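Notes for the one structure printed next.
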Amino acid sequence: MRKPVIKVWDGGMVNNRLTEIANEIAEFCVEKYRLDLTDINFNMVNLEELCSIAATGGWIMFPQHWSLGQQYFIQKKGHVLGFWQIYEIVVPSEVWEQDRKEPAEAYIYSGDSLTDIKLVMAHVYGHIHAFENNWKLKEFKPSSPLAFMSEQKERTAEIEKEVGEENVERLMDIGYTLSTLLDLYPMKKIEEELYNEPLLERFVISPGEKKERLMEEIEKKAKREGIPEERDYDALRFIADNADTLADWEKEILGMVREQYRYLSSWGLCRYLNEGFAALVDLKYCLDSRLPIGETFRWLKQRTSGAYQPGQCENEDPESCNVRTVQINPYWLGMNMLLDVIEKWDTGRFGLSYEQLNDAREREELNLRLDRGWDKVLEVVATNTDYTFINRYFTEDFFNKVASGLFVYTGKEPDKGKREEDTYTIISRRYQDIKNILLFETYNNGMPRIAVEKGGGNYNNRKELYLIQDFSGYDRLGLSPKELTLQPAETSEVLLKALYEAWRRPIHLETVNREGKQILLSTYDGKEIKENRLDLKRADAPTTAGYL
């Protein structure tokens, strides 16, 4: 097995002392925890650099856009005010030549203590193992992620020179608004796309030749009648391929946005699992390597705490209450669920024979000494998404032992001077309610699935666009279609307008419930939004989960 090459860069030079430490920790984690590591470059950066990198999600070669500056100030202000602390940012790699791996890039805050830096390195190794082994994190991965993003940045800059920066930013604004209209659960095998072709072809074939090939394929598709031939959940790609009112460069920009976000969005489908596993690795390293307990107390406290952030409601009327976002600490929940897996598979407290035990004391004291816990954790990390992880392992036993402080609440935005805790009402502490909320929030990144309906690319024989919003399950939460946000603070009204700007013909958005019954039809013709709303019985159901 090839030994990974790991270096620590500080100020443009290799830091020999930290490089030695990083390799020692890597050897420890590979030997003791059987982690699968690639080559890694650790980069020591200051706060300004860290916040700038965080604004791009770690992709320093991300195509330029005004929103990156906005994200930079959000990241820096949150860090300075203590709302969060950025320890590390990790960008994965991939095999791109035989027996050679493109190095993963990890960015670490140089202001951390040496103990923090050691634990962050262990945390990074946990992330790298997940990126290398989890099936979903690999599903949309380009053959070379860094080259993929770098080429997109270069191509965007070329188009800016041709048509102007303002025009490109306008299209990118539209693309980012529509960036949730992706198919993250394709039933068919992932096709070989532009960014997955052999690396040699990517750099030998000119951008002009690539564009000609792409446009030829798009023209072939556009000649088909009744497109799409079946319901297409990759709506952004459909628009980029088939909007005949868009110029070639506009289609290319939307296509690139779609490629970026299909890959990056897949990370969100494994956030609890990925962060939980990385937290578990650094916790185990903290305990197994005998670091000074006084220096690691703060780290241990962070790893064992839960967090919540109450959301908002426009007024006191529950009927108008929007979806609220409560951030249950993914490190805390994911790590504790994996610790529960270790305990169960070490002791044999799983399976039919265990479930048939009726005596609570007998269940609690059962210990078959199987010692299969870590094997099971590695299997769980490789084979699950957050949705299946929670569905299988957020059990009632786990809830009662570890997560009984979770609750479901409704509430409103606090008045000035009032605490957020005083403005919401806890409406459920039941296990099943909380699990349902977590499942809904982890499926499709908590976003509604929207598809171009079969034949919806030529609706009314006037090339109008007809889309279906799958509302299955959300109606059980007592929500109405307009209350499902597609981006932070972006509702269906914003979506319809962005769709119109991209398609440039009337847009129809039909929302259907689990029985396929239409409950809302919204139409936007570029001037006004018309709605045909059918009665939707709002179920008595929870809205979102928090931690107390």
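Determine the pairs where a residue that is in the same structural domain as Phe398 (by TED's automatic domain parsing) and part of a helix (DSSP H, G or I), located within the range 348-369, has a partner that is modelled with pLDDT of 85 or more and among the small types (Gly, Ala, Ser) with Cβ atoms under 8 Å apart, the partner being 6 or more residues away or on another chain.
If the second residue must be modelled with pLDDT of 85 or more and among the small types (Gly, Ala, Ser), the pairs left are Tyr354/Gly348.
Could you list, in sequence order, the residues of the range 140-170 that are among the hydrophobic types (A, V, I, L, M, F, W, C) and assigned to a helix (DSSP H, G or I)?
Within the range 140-170, Leu146, Ala147, Phe148, Met149, Ala157, Ile159, Val163, Val168 qualify.
Could you tell me whether the range 455-477 includes any residue that is basic (Lys, Arg), out of contact with any strand residue (DSSP E or B) (no Cβ under 8 Å at 6 or more places or on another chain), at pLDDT below 65 and assigned to a helix (DSSP H, G or I)?
Yes, the conditions are met somewhere in the range 455-477.
Is the range 116-139 home to any residue that is in contact with a Cys (Cβ under 8 Å, 6 or more places away or on another chain), at pLDDT 90 or above, in a loop (DSSP other than H, G, I, E, B) and within 28 Å of Arg449 (Cα to Cα)?
The answer is yes; a qualifying residue exists.
Out of (1) more than 19 Å from the chain's Cα centre (by Cα); (2) within 23 Å of Met447 (Cβ to Cβ), the odd one out for Ser113 is which?
Checking Ser113 against (1) more than 19 Å from the chain's Cα centre (by Cα); (2) within 23 Å of Met447 (Cβ to Cβ), the one that fails is (2).
If you go through the range 344-362 one residue at a time, how many are surrounded by fewer than 14 Cβ atoms within 10 Å (Cβ to Cβ) and more than 16 Å from Asn391 (Cα to Cα)?
Count: 10.
Within the range 1-50, can you find the residues that are part of a loop (DSSP other than H, G, I, E, B), among the small types (Gly, Ala, Ser) and in contact (Cβ under 8 Å) with a residue 24 or more places away in the chain?
Gly11, the sole residue that qualifies.
Considering (1) buried (at least 18 other Cβ atoms within 10 Å of the Cβ); (2) closer than 29 Å to Ile450 by Cα; (3) modelled with pLDDT of 90 or more; (4) within 19 Å of the chain's Cα centre (by Cα), say which one Leu171 fails and leave the rest.
Among (1) buried (at least 18 other Cβ atoms within 10 Å of the Cβ); (2) closer than 29 Å to Ile450 by Cα; (3) modelled with pLDDT of 90 or more; (4) within 19 Å of the chain's Cα centre (by Cα), the lone unmet condition for Leu171 is (4).
So, Ile89, is that one under 19 Å from Gly276 (Cα atoms) and at pLDDT below 90 or not?
So Ile89 fits the description; yes.
For residues that are of a type in the set (D, E, K, R) and under 30 Å from Phe399 (Cβ atoms), scanning just the range 495-546, find the one that is modelled with the lowest pLDDT.
Asp540
The values are calculated or read from the model by the stated rules, or taken from the named source; none is laboratory data. Treat the numbers as computed from the prediction; the structure is a model and nothing was measured. Heads up, the Cβs are rebuilt from the backbone with ideal geometry, glycines too, and the neighbour counts pull from every protein chain shown.
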